[in-house]
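A quick write-up on the structure given underneath.
The values are calculated or read from the model by the stated rules, or taken from the named source; none is laboratory data. All of these numbers come straight from a predicted model, not from anything done at the bench. Methodologically, a virtual Cβ is constructed for each residue, glycine included, from the backbone with ideal geometry; neighbour enumeration extends over all protein chains shown. Quick note on the areas: whole protein, heavy atoms, side chains included, nothing else; ligands and nucleic acids left out. Shrake-Rupley method; radii C 1.70, N 1.55, O 1.52, S 1.80 Å.
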Amino acid sequence: PEISSLFSRCVARQVAEVLQGTGGDVLELGAGSGRMAADILTELAALDSLPQRYRILEVSADLAERQRAQLSPLPAAIAARVEWLHHWPSPPMSGVVLANEVLDAMPVERFVLRGEPGAQRVRSLAVGMNVHGFEWRETDASPELAQAVRDIVSSLRDPLPEGYVSEVCLSFQPWMASLAAQLERGVALLIDYGLPRAHLYHPDRRDGTLRCHFRHRAHGDPFTHVGLQDITAWVDFTRVAEAADSAGLDVLGFTTQATFLIGAGGESLLGAEMQRAAHDMRRQAQLAGEARKHMLPGEMGEVFKVMALGRGYESALSGLSMRLLDL
């Protein structure tokens, strides 16, 4: 959303399509700077498809203030539909739930496999301290972690080698149960970077996907810049789908961000913007650069994925109309 409005306008078009069938509200989980909310509301207004309410579930008071500042220039009739929540809404809603880069922010457990394939033990990687600072320490895995890893390993085609390190999120199941309890009818769009399980837990990816982000630099050391950097891990979308199924939600589809944006009208939106900038070569170059970041495989187009979950929603989704990925 921070790169350009193209991303959010495509999301808005998908939201409008769903709201035509369900009515109701939009609930955005963790709205960051508020840029996506502002762009989505502007596009929905242009499409004459504003929700009854645009609700933002935000637990950070600082971010909520930034979001209010970002949304304050909106026309009063649009801004009046926005409200902030500190907890899941009640009663259950109809409409659309948006979770952009929410799943990757959930806590993960790190593990290491010891022993040869077929007789491996699951060990937990915990944080300890030595005279120099923090360090990884192997400890006994909790029963929940051990079972989750055994389930992952048993579902893979290829065995994982001794010393294989990776992560697993144990929070998807309870989080998905909460989401399912809130969605009476409609669609949840989950947008994040990740892979299906068979690709995420590949033998060649033996050091996991834990990544740290500090001042626009990515690295793999969580023990530096402690408290000042973001720590994330790639999402196991197979686990997300399993959690959704257990919670009673339908998995409506799974695709790449590039495919979703094209299906939701990204090419036509970009073409219209290019036409408006027909005599401004600098603006055209800017638009093309933004589109490349959103859609190309080497940028965000293939790394980021979109999963749609639903309840009581039978219509096709334009963003998932072109190419679906296996889970």
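Could you give the length gained on full extension between ILE78 and GLU267, defined as 0.36 nm per residue of separation minus the Cα-Cα distance, in nm? Numbers along the way, then the final one.
Numbers: separation 189, 0.36 × 189 = 68.04 nm, distance 2.67 nm.
Using 0.36 nm per residue and subtracting the Cα-Cα distance, I get 65.4 nm.
Restricting to the chain, what percent of DSSP beta bridges are antiparallel, rounded to 5?
Numbers: 36 of 59 bridges.
Antiparallel bridges: around 60 percent, rounded to the nearest 5.
Per residue of segment 255-271, in order, report the coupling 6.51 cos²θ - 1.76 cosθ + 1.60 (Karplus, θ = phi - 60°) as ³J(HN,Hα) in whole Hz, putting x for Gly and Pro.
3J(HN,Hα) across segment 255-271, in whole Hz: 8, 7, 4, 4, 5, 4, 5, 5, x, 8, x, x, 5, 5, 5, 5, x.
Using the alpha-carbon atoms, what tilt in degrees (0 to 90, nearest 10) does helix 143-155 show relative to the longest principal axis of the chain?
The answer is roughly 80 degrees.
With the chain treated as a Gaussian network of Cα nodes joined by springs under 10 Å, which of ASP104, ASP25, ASP204 yields the largest mean-square fluctuation?
Looking only at ASP104, ASP25, ASP204, the biggest GNM fluctuation is shown by ASP204.
Using only the alpha-carbon atoms, how far is helix 281-295 inclined from the longest principal axis of the chain? Give it as 0 to 90 degrees, nearest 10.
Helix 281-295 sits at roughly 40 degrees to that axis.
In whole angstrom, how far apart do the alpha carbon centroids of segment 162-193 and segment 229-246 sit?
The distance from the Cα centre of segment 162-193 to that of segment 229-246 comes to 5 Å.
Return the carbon/sulfur percentage of the accessible area of the chain, one whole number, probe 1.4 Å, all protein chains in place.
Numbers: 8000 of 15700 Å².
Roughly 51 percent, rounded to a whole number.
Quick check on packing: order 276-285, 47-56, 77-86, 26-35 by the mean number of other C-beta atoms within 10 Å, highest mean leading.
Values: 276-285: 11.3, 47-56: 18.2, 77-86: 14.1, 26-35: 21.8.
Per-residue mean Cβ counts within 10 Å order the peptides as 26-35, 47-56, 77-86, 276-285.
How tilted is helix 172-182 with respect to the longest principal axis of the chain? Cα atoms for both, answer in degrees (0 to 90, nearest 10).
Compared with the principal axis, the helix lies near 30 degrees.
Report the full-extension gain for the segment LEU324 to ASP151: residue separation times 0.36 nm, less the Cα-Cα distance, to one decimal in nm. Show your work: numbers first, answer last.
Values: separation 173, 0.36 × 173 = 62.28 nm, distance 2.48 nm.
Once the chain is fully extended between LEU324 and ASP151, it gains 59.8 nm.
From zero outward in steps of 5 Å, how is the percent of C-alpha pairs of segment 145-303 spread across the bins?
The calculated distribution, bin by bin, is 1, 7, 12, 14, 15, 16, 14, 9, 6, 3, 1, 0, 0.
Which value at 222 nm does the chain reach when only helices count, each DSSP H run of 4 or more adding -39,500 (n - 2.57), with the total divided by all residues and rounded to the nearest 500 deg cm²/dmol? Let's see the in-between values first.
Numbers: 11 runs with 116 residues, N = 327.
Estimated from H runs of four or more residues: -10500 deg cm²/dmol.
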